[in-house]
Amino acid sequence: MDARLDYFGNALGAKVLKHINSASKVVSDSALPPATQELVKIRASQINGCGFCTDMHSTDAAHAGETAQRLHLVATWREATVFTEAERAALALAEQGTRTADAAGGVGDEAWADAAKHYDEDQLAALISLIALINAYNRINVINQQPAGSYQPGQFG
């Protein structure tokens with residue numbers, strides 16, 4: 001399988017990614033826990049059917065020490081006992097924020113209140129931004145049919 005376009009090598013695509021990556025760096029440097037960031041990116045990527053991002057973030061999370069059990073259970077986090085209450089709140093917000101077209105009311109007050117119990121305002125701003133950014137990356141890669149399975153830890157920086 002080949003990508004439809006060499007988006008990463010295209011001058012305009014590279015310029016767009018440069019700006020998205022700059023915003024992502026702000027989020028990754030925030031006080032939102034790195035493990036939570038990876039779990040959110042994995043879950044949104046699973047929902048969006050983005051194999052490239054699911055591969056990348058699962059690989060990076062494993063390389064950073066995340067357990068195989070937790071990585072295998074991200075898709076079924078509601079039934080899993082291996083996630084903290086804060087992580088569960090972030091995953092719920094990520095799901096609702098990713099599925100806005102499927103939900104009549106967007107992100108519900110209950111999901112927001114639960115996240116707000118576990119994260120301060122800066123962390124919530126990072127979480128909102130993270131959800132928006134991973135959805136942007138997912139859309140680029142899904143539309144472009146970016147192949148998955150060959151990502152190496154730290155490949156993009």
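Rounded to a whole number, what is D in µm²/s for region 52-109 from Stokes-Einstein with the Kirkwood radius over alpha-carbon pairs (10 °C, 1.306 mPa s)?
Result for D is 125 µm²/s.
For residue 62 and residue 14, calculate 0.36 nm times their separation in residues minus their Cα-Cα distance, and state this gained length in nm to one decimal.
Net length gain for the segment: 14.6 nm.
Considering only protein heavy atoms, what per residue accessible area in square angstrom results for region 13-107 with a 1.4 angstrom probe?
Accessible area per residue: 48 Å².
Modelled label-to-label distance, residue 23 and residue 101, 7 Å Cα→beta-carbon offset: nm?
1.8 nm
Would region 21-76 count as rounded, prolate or oblate if I go by the C-alpha gyration tensor, calling it rounded below 1.5 in a/c and otherwise prolate when a/b exceeds b/c, oblate otherwise?
Oblate, because a/c is 1.5 or more while a/b does not exceed b/c.
Report, in whole Å, the centroid distance computed from the Cα atoms of region 1-70 and region 85-135.
17 Å
Taking the Cα atoms of the chain alone, what are Rg (to one decimal) and Dmax (as a whole number) in Å?
Cα-based Rg and Dmax for the chain come out at 15.3, 45 Å.
Which loop-located chymotrypsin sites (Phe, Trp or Tyr not before Pro) does region 68-157 contain, where loop means any DSSP state but H, G, I, E or B and the Cβ has at most 12 other Cβ atoms within 10 Å?
Numbers: sites: 77, 83, 112, 119, 137, 151, 156; in loops: 83, 119, 151, 156.
Loop-located and lightly packed - 156.
The values are calculated or read from the model by the stated rules, or taken from the named source; none is laboratory data. Model, not experiment: these values are computed from the prediction. Cβ coordinates were reconstructed from backbone atoms using ideal geometry, including for glycine residues, and neighbour counts include every protein chain displayed. Side chains included, ligands, DNA and RNA excluded: accessible areas come from the protein's heavy atoms. Shrake-Rupley method; radii C 1.70, N 1.55, O 1.52, S 1.80 Å.
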